[in-house]
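As structure tokens, the structure follows; a few thoughts come after it.
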Amino acid sequence: MSHAVEEKSGSSKPLREDERTPIHMVGGTPTVQAKLGGVDVLCVVDTGSMVSFVTEEFYKKKLQPTCGHVKEDGQMLTLRAANGLVIPYLGY
């Protein structure tokens, strides 16, 4: 990141100390209101994700009564985070 700003004349001047910290390098988390199994939930929108997750607690309290049991088949999928770490899961 540059610590200078271009002036109208085309030259640049150093930023003041209070101007050096970017205010909005990262935006807010995009969310959408959705229904899962008839239950209203606030979901994070991640366009790069190939799967969607819910916590075991949420599933048991909110989804299991209407959706039934998850399919458990001995971890046929290997899920990895962006940093390469394996993500454990209970079923799908």
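The values are calculated or read from the model by the stated rules, or taken from the named source; none is laboratory data. Just so you know, these numbers come straight off a predicted model, no measurement behind them. Cβ atoms come from the backbone with ideal geometry, glycine included; neighbour counts cover every protein chain shown.
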Problem - Every pair of residues 6+ apart whose Cβ atoms lie under 7 Å, when the first sits in region 27-40 and is free of Cβ contacts under 8 Å to residues at least 60 places away in the same chain while the second is among the charged types (D, E, K, R) and exposed (fewer than 10 other Cβ atoms within 10 Å of the Cβ) - result: GLN33/ASP40
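Okay, residues lined up against (1) under 24 Å from the mean Cα position of the chain (by Cα); (2) of a type in the set (Lys, Arg); (3) surrounded by fewer than 10 Cβ atoms within 10 Å (Cβ to Cβ); (4) at pLDDT below 75:
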| position | (1), (2), (3), (4) |
| --- | --- |
| SER2 | no, no, yes, yes |
| GLU7 | no, no, yes, yes |
| GLY10 | no, no, yes, yes |
| PRO22 | yes, no, yes, yes |
| GLY28 | yes, no, yes, no |
| ALA34 | yes, no, no, no |
| ASP40 | yes, no, yes, no |
| THR47 | yes, no, yes, no |
| THR78 | yes, no, yes, no |
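Rundown of residues vs (1) touching a residue at least 60 places away in the same chain (Cβ under 8 Å); (2) under 25 Å from GLY27 (Cβ atoms); (3) hydroxyl-bearing (Ser, Thr, Tyr), yes/no style:
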| residue | (1), (2), (3) |
| --- | --- |
| CYS43 | no, yes, no |
| MET50 | no, yes, no |
| PHE53 | no, yes, no |
| TYR59 | no, no, yes |
| PRO65 | no, no, no |
Problem - GLU56 surrounded by 10 or more Cβ atoms within 10 Å (Cβ to Cβ), in contact with a Gly (Cβ under 9 Å, 6 or more places away or on another chain) and within 11 Å of LEU90 (Cα to Cα) - result: no
